[in-house]
1. Would you calculate the separation in nanometres between label points at residue B:243 and residue C:22, each defined as 7 Å from the Cα along the Cα-to-beta-carbon direction?
2. At 1.4 Å probe radius, can you tell me the per residue accessible area of region C:1-111 in Å²?
3. If the viscosity is 0.692 mPa s and the temperature 37 °C, what Stokes-Einstein diffusion coefficient in µm²/s follows for the protein assembly as shown when Rh is the Kirkwood radius over Cα pairs?
4. Of all DSSP beta bridges located in the protein assembly as shown, what percent are antiparallel, nearest 5?
5. From the square roots a ≥ b ≥ c of the eigenvalues of the alpha-carbon gyration tensor of region D:102-213, which class results: rounded (a/c under 1.5), prolate (a/b over b/c), or oblate?
6. Please compute how much accessible surface disappears when C pairs with B, both sides summed, using a 1.4 Å probe, and round it to the nearest 100 Å².
7. Can you pull a Stokes-Einstein diffusion coefficient for region B:1-77 at 20 °C (1.002 mPa s), Rh from Kirkwood over Cα pairs, as a whole number of µm²/s?
8. I need the Debye-formula profile for region A:133-178: one equal scatterer per C-alpha, no solvent, reported as log10 I(q)/I(0) at q = 0.14, 0.18, 0.21, 0.29 1/Å, two decimals.
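The values are calculated or read from the model by the stated rules, or taken from the named source; none is laboratory data. Quick caveat, the model's predicted, so the values are computed rather than measured. Cβ placement follows ideal geometry from the backbone for every residue including glycine, while neighbour counts extend to all protein chains displayed. Surface accessibility is based on the protein's heavy atoms, side chains included, excluding ligands, DNA and RNA. Shrake-Rupley method; radii C 1.70, N 1.55, O 1.52, S 1.80 Å.
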Protein chains: 4
Amino acid sequence: MTEYPTALGASSLEKITLLGQDLAGDVMGKVSFGELAFWLATQRRPAPGETRVFEAVLAALADHGFTPTAIVTRLTYLSAPDSIQGALAAGLLGGGSRFLGVTEDCGRFLHEVLAGAPLPADDEGWDALALETVKSRREAGKFIPGLGHHVHKDGDPRTPRLFEIAAEENLYGPHLSLFAAIGRVHPQVLGKTLPLNGAGVCGAALADLGLPLELLRGFALLARTAGLIGQLAEELRNPVANEIFLSVDLHNASVPPEPYGGSHG
Amino acid sequence: MTEYPTALGASSLEKITLLGQDLAGDVMGKVSFGELAFWLATQRRPAPGETRVFEAVLAALADHGFTPTAIVTRLTYLSAPDSIQGALAAGLLGGGSRFLGVTEDCGRFLHEVLAGAPLPADDEGWDALALETVKSRREAGKFIPGLGHHVHKDGDPRTPRLFEIAAEENLYGPHLSLFAAIGRVHPQVLGKTLPLNGAGVCGAALADLGLPLELLRGFALLARTAGLIGQLAEELRNPVANEIFLSVDLHNASVPPEPYGGSHG
Amino acid sequence: MTEYPTALGASSLEKITLLGQDLAGDVMGKVSFGELAFWLATQRRPAPGETRVFEAVLAALADHGFTPTAIVTRLTYLSAPDSIQGALAAGLLGGGSRFLGVTEDCGRFLHEVLAGAPLPADDEGWDALALETVKSRREAGKFIPGLGHHVHKDGDPRTPRLFEIAAEENLYGPHLSLFAAIGRVHPQVLGKTLPLNGAGVCGAALADLGLPLELLRGFALLARTAGLIGQLAEELRNPVANEIFLSVDLHNASVPPEPYGGSHG
Amino acid sequence: MTEYPTALGASSLEKITLLGQDLAGDVMGKVSFGELAFWLATQRRPAPGETRVFEAVLAALADHGFTPTAIVTRLTYLSAPDSIQGALAAGLLGGGSRFLGVTEDCGRFLHEVLAGAPLPADDEGWDALALETVKSRREAGKFIPGLGHHVHKDGDPRTPRLFEIAAEENLYGPHLSLFAAIGRVHPQVLGKTLPLNGAGVCGAALADLGLPLELLRGFALLARTAGLIGQLAEELRNPVANEIFLSVDLHNASVPPEPYGGSHG
């Protein structure tokens, strides 16, 4: 008979453990939610500074107003108010490559660059590595994940703040170092100055915390779950979803079908 | 032109605000994730004691091992590893009436009882209200949400702990009082002693915090999101989903169809 | 070792069966998709007339233009174009009590009335049963599911058509009979004439086909899956989701938070 | 004011149109569900032969027994029986790269090969193109989508059947031709004979029908929606989800946490 091992939740008649701890005695009332989320993902208890950087990232990603994910959650709640889980799940499903994916893409990208090069010893070294990186991406016709923002063209205020918090906690590691260097050198290659965006710096910071790269998007989704609950709470008190729906539905224009396909050959 | 008002995330060229705060300067590095989630849901900043009770609830609900939600997230990841958001969303969709719904059901139930009665002045008064409540539920052939547990038959360890934390923080309000009284008096009516379960006491505590009743299930889902990320992290390192799948698939027995229906008349 | 019995898909080295049939030889190329969907849900092969009524229902429910479900699918695709399954799933999650639920509610409602009364023998008998039903709903302060439509105030064109098709196929059973009678008599009680809507008549027709009442919403969702694929196909060729998103985002008005809660007592 | 054009569903006080047709008069009772799904996706009405091939594909993909998607739908229904839409959506979320993605991957792969080469005139020409294709994939260390099956090692019975149906309907186009040629020549390169699998041939057939390549996975999901409704119908009558859940939960083994990460540098 197969046994499925797990170090997460387990319970017996008298006791519940989580991560090997006594849930009631040692976790509840003693471990903050951010700390617990980190611990669950890594199976190691983070130091207070790690929790602070982690929670700063979650705050940065929790809610960005009327994003597609927020609109989707509100519309789904309008349509199926009996199922809060459906409204939240629908919103999270927008957390893919385009809107919430930058965090993961940036963390992975920085990690790949670092895996293929010796660690620079100083800022000059970082700048050289960054310069080479930006050049080779440009030659390959690829963007740098985390570079550029459609609103904060002169700088995303989250970026310097997260650099600062990581430095305060002594967690300014190679991913953040490389990302900062990219911010310094890219104008030499691209001929214009783009901001390092908040989603990108979050990916760099999470990677420096040693979190699993495959799950960086997951942390953005955790943050967004809190944001979407906020959206639902606001929708409950000041509903706008029906107006949004009607603004789309009433402005539609019925047009004749445009036949498609029939042959790809 | 319609305007959609929101007090959540907003941004301009130079600034990002969240809940009216400067996100970078006043939230990141200063507000814990649990505190932020509470704030987003209520648009008021919680006191430290409120955050502590809230985070104790989230810890109590984060992960319970190989629940249906955890299995679903792992199987969905097995099947569609390119979409972390899909694996998390699929798991959350199990957060309905049966497995994660007790928290909401219990909070709402207690609230309805309280809405129909004057607040008791002392334990004797609470016991009287609880007795009347249990009796009338029994006469109506209905269960009491939050009463009973299939594993922790002699008591759920989370329950006394959450009462204790709420008392320490001076947040032991009417919902917890009524729930505790139900725990004391129900054997007189039911003829047996059932435990007050952890999911139920969480609902009572969230209701005493003044959180929107419609969203109590949402907080259980927020907690579970962290737990499901933990499940995915473990699955990445020690995969079991394929074995689970095969244990079901290989033990299936093909049987002939059983025709159904044709008339309801 | 537990065996899980199933009469659905099964395969061996050389053969694949579905519903006890040889999939390749007896199903592919011989069974239409509507027929197969009916068969899967009931484990009995429908007669051609049953398939025709069933497919008429699916056609009636497949797409209603820019509904919340359609908008949600388009916005989710905008946000996560790498995950078609996520975009479709998000849209389906709007298929709850309000927008797609009428079909199920109406079928169940009619079924409950029929379960509590002897089958009328003629139109007069149906009218009497309907009159009593409408009166008792009205006294209970409840709506009649399937009665009324916000656009088709003078009559929903799908309703007479589905009555007609069911009659042609000799499948005009008790649920449709009761629904039709409600259409005839309700003005006597309500003092105004409301249309029998298309979602409602679909529920009645599905119930007359003997399909499981618990799954009536499921058939609406199956129909809508085809519609949502149509929405995605149109979005791919003539994208509007970004404009919809911007129309909401740009018209938002940042307002101060409104603190909520703190006490329910 | 923006107008959102659509050729799908539209309605006025008296009329409902779908794809420019009168829904009640010209679609209901006249257009089968498979035909309608094709029409919605392409905005052109398919010929009867196209519908037959399309429906054969849907039949081939509708249900494969206790797949992860089926287990997920059953477990989600167990956990949240109030939300059929959630159970179906959760199941569909497993329709990603691994289990349901082969159809799309194969269609796209064949299309890319065809886009880069002149159309061969005869079987010899197809074999040459296929040989070159298999060789270059092998050199690149990549698999051929649609080649190989873990159960049907001696041949997937759906594959010859779909070739046959397509030939009968005169819809055996370049994608199927290339796929068949790959089946003939790959042993020369790989040194072993692998079956052309059913999911792959479905992708080839859908591509030959001129359906949008971006949505091939969507058709697999449409087919699977019907299958998942079948799974739910069976679960309602012969429940197994709780046993599946318990078989996993009771066989788990609590193990100590294994700390992860801390540095990627």
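1. 4.0
2. Spelled out: the 1.4 Å probe surface of region C:1-111, per residue, equals 24 Å².
3. Details: Rh = 30.1 Å.
The diffusion coefficient I find is 109 µm²/s.
4. Of all bridge pairs located within the protein assembly as shown, approximately 60 percent are antiparallel.
5. Cα axes put region D:102-213 in the rounded bin.
6. In total, chains C and B hide about 3400 Å² from solvent.
7. In µm²/s, the coefficient rounds to 141.
8. Results for region A:133-178 at q = 0.14, 0.18, 0.21, 0.29 Å⁻¹ read -0.48, -0.72, -0.87, -1.01.
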